[in-house]
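The values are calculated or read from the model by the stated rules, or taken from the named source; none is laboratory data. Worth saying up front: this structure is predicted, and the values here are computed from it rather than measured. Ideal geometry is used to build each Cβ from the backbone, glycine not excepted, and the neighbour counts take in all protein chains shown. Heavy atoms of the whole protein, side chains included, go into the accessibility calculation; ligands, DNA and RNA do not. Shrake-Rupley method; radii C 1.70, N 1.55, O 1.52, S 1.80 Å.
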There are 2 protein chains.
Amino acid sequence: MYRPAGTSIDREWLVARPRTLKPGRPAYQQIADELRASIRSGELGDGDQLPSETQLIETFGVARMTVRAALQVLQHEGLAVAEHGRGVFVRQRRPFRRRSVQRLSRSQWGSGRAMWEADTADDRTFAATIDVTRERATDDVAERLRIPSGTDVVVRRRLHSVDGQPLQLSAAHLPADIAAGTAIAEPDAGPGGTYARLEELGHPLERFVEEVQARMPSPDEARLLVLPAGVPVITVVRVAHTSERPVEVNEIVVNSDLYVLEYEIRP
Amino acid sequence: MYRPAGTSIDREWLVARPRTLKPGRPAYQQIADELRASIRSGELGDGDQLPSETQLIETFGVARMTVRAALQVLQHEGLAVAEHGRGVFVRQRRPFRRRSVQRLSRSQWGSGRAMWEADTADDRTFAATIDVTRERATDDVAERLRIPSGTDVVVRRRLHSVDGQPLQLSAAHLPADIAAGTAIAEPDAGPGGTYARLEELGHPLERFVEEVQARMPSPDEARLLVLPAGVPVITVVRVAHTSERPVEVNEIVVNSDLYVLEYEIRP
DNA sequence: AAGTGGTCTAGACCACTGA
DNA sequence: CAGTGGTCTAGACCACTTG
């Protein structure tokens, strides 16, 4: 009973359904419930096309805005994506890429590989540097770097992509007294990246602290990361410390659909 | 120019707006853009009421479904919440609670405190155990525990709340050969919880590995955690290891609005 | 009772996709 | 071209909150 992903089974789905809606619960939610159940059970698999709006209208005997509301529910739950002119499809699930934050080890960036390349192996990778600027630190960044608010920082803003797929945005902030005039203030920071340069400059990195949160993306973030509705972002604020002081604050926004963050804790 | 949070400024907002929409971009998106800008700028602060649907209809000269679409956009971005019969409000922001996963230290659970109490200090806390059951391990859990698929496990499912506010769901899975017949299989596992019992039973915990992801909640999760639209959940799969074997897989789902996960990495 | 949001209809026109 | 989803209207009735 094998059926390859992406097969259209609209017609089968159609005849298998009861077409009656019970009073008490809104119609659009009942329709969403049925479709959701079909997705969860696997009856509708990854990439399969959902019944079209027209088909749902006929099946359930409701107005178009009602079936659209049902489909919107599924999209905002991250279960389906609409493609204009094509149909609504079960959203392809889950990370084809995983990230071990554990790989923030010296062996990684010491060897000239960026840490986000850790699991990439032989894939093609890109890090499109949007820009490197010198700015006044925001209050939050200044506090985390333990420098006076408004002090100059070098900011490296980047959009990381792999095989053309945007994965994450990052904005690394370093105190200007450390980074200005060095390779860190250049678009290409050289082999091993910022962390390798910091060590060379006499700032050996002792520990990283990461704060992890999740939220829905802003419209700008959704555009840059090509996020469909219903996909949140994970935000990471990483602070790199030497034994003396914090030397970098990196604000990272990742496509939560493509990442698994991995941490190891030793009590 | 101080204005306390929650103040209604509908009328001010109304007169300050242009009421013309430009062609090219959908009307509901332009309306959402204006409201979003007001929220981001702070003109509309935490808990403030947005203009009502009626006011927006008059201001922009569009149909009701159009302004509703605009308000839906903001709700799904997590910027606003609607309250039936009251209005639409700027969503109160961000964690009044923070969690240091770093606190998975022996000193915490050794001292009889659960790790999710680490930062709670003198707040009132509750952990409503939904149930403790014996089940066959799912494929995923079995693989993580390195036991044959279908082997019995003890499952402790809980809903954690603080001051009546639900924070997280968890489902801890332990191999039956370790946990069955012990306090771990009881609803109240005793002081220090599962981890303290494991140590007493001769399973000293050496390391924890956590995999962190984010996604939109299922309807059930949204109901249990009382999540409004536009708030994702963070999922954590924590595996506790002795030097010999993995002894617990804990599947955790947290309200991303109330948590900051914190990790420390030493290269 | 007045004002708010929640659901729903029966249309319309448009933009995009694919054969 | 037919079929798909995207936007929008002008109504309707309902449910909830507040004074």
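Structural remarks
- Qualifying positions in the stretch A:168-193 - at pLDDT below 90 and within 14 Å of another protein chain (Cβ to nearest Cβ): A:G192, A:G193
- Selection of the stretch B:39-59 for residues being more than 14 Å from DNA strand C (Cβ to nearest atom) and out of contact with any strand residue (DSSP E or B) (no Cβ under 9 Å at 6 or more places or on another chain) yields B:R40, B:S41, B:G42, B:E43.
- Reported count of residues in the stretch A:148-201, each being β-branched (V, I, T), surrounded by fewer than 17 Cβ atoms within 10 Å (Cβ to Cβ) and under 26 Å from A:D220 (Cα atoms), is 0.
- Within the stretch B:78-90, the only residue that satisfies the criterion of being open to solvent by 40 Å² or more (accessible area, probe 1.4 Å) and more than 9 Å from DNA strand D (Cβ to nearest atom) is B:A82.
- Search result, residues across the stretch B:31-53 that are more than 14 Å from every other protein chain (Cβ to nearest Cβ) and open to solvent by less than 10 Å² (accessible area, probe 1.4 Å): B:S38, B:L44, B:D48, B:L50, B:P51
- At least 3 residues being under 26 Å from A:A37 (Cα atoms) is the threshold, and among the helices (runs of 4 or more DSSP H) wholly inside the stretch B:167-238 those reaching it are B:219-225.
- Scan the stretch B:238-254 for residues that are within 10 Å of another protein chain (Cβ to nearest Cβ) and out of contact with any Lys or Arg (no Cβ under 6 Å at 6 or more places or on another chain) and the total you get is 3.
- Considering the conditions (1) among the acidic types (D, E); (2) away from DNA strand D (no atom under 12 Å from the Cβ); (3) at pLDDT 95 or above, B:E53 is excluded by exactly one of them, (2).
- Filter result for B:G150 (touching a residue at least 40 places away in the same chain (Cβ under 8 Å) and assigned to a loop (DSSP other than H, G, I, E, B)): no
- Options A:L261, A:L227, A:L205; residue that is at the interface with chain B (Cβ under 9 Å from one of its Cβ atoms), open to solvent by less than 30 Å² (accessible area, probe 1.4 Å) and within 13 Å of the chain's Cα centre (by Cα): A:L261
- Where a residue in the stretch A:55-83 is within 12 Å of chain B (Cβ to nearest Cβ) and closer than 24 Å to B:E77 by Cβ and its partner, wherever it lies, is of a type in the set (D, E) and within 11 Å of DNA strand D (Cβ to nearest atom), with Cβ under 8 Å and at least six apart: A:R68/A:E53
- For the stretch A:57-71, filtered to residues that are near DNA strand D (Cβ under 8 Å from one of its atoms) and hydrophobic (A, V, I, L, M, F, W, C), the residue that is surrounded by the fewest Cβ atoms within 10 Å (Cβ to Cβ) is A:M65.
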